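To start, the structure under review is shown below, and the notes come after it.
Read-outs: derived from the displayed coordinates by stated rules, not from any lab. None of the values given here were measured: they were computed from a predicted structure. Using ideal geometry, Cβ is built from the backbone for each residue, glycine included, and neighbour counts are taken over all protein chains shown.
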Amino acid sequence: MLVLNADQSNKFFVFIKGLAEPLALFFPGLFHTGSADFDIILDYGLAAIFWLIVSGFVARVVAR
């Protein structure tokens, strides 16, 4: 939403940001490419991929 210049005072924006920050773990601020938008995409994208891998692993363990 930051990449799309969403209104940061919007309640929905604040809600989503509140969910995203703890789930991103240590990924935000990990890369500094010089482009703020690309940094956001890279940092939170890697966090999303991390959680997809973790949830897939947990699903396989539970399915056994």
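Projecting the Cα atoms of ALA63, ILE49, PHE15 onto the charge dipole of the chain (Cβ charges, centred on the Cα centre) puts ALA63 farthest toward the positive pole. The spread of Cα positions in the chain, taken along each principal axis and listed from longest to shortest, comes to 45, 30, 17 Å.
Can you tell me the order of 39-48, 17-26, 55-64 when each peptide is scored by its average per-residue count of other Cβ atoms within 10 angstrom, highest first? It would help to have the intermediate numbers written out before the result.
Working: 39-48: 16.2, 17-26: 11.8, 55-64: 8.3.
Result, highest mean Cβ count within 10 Å first: 39-48, 17-26, 55-64.
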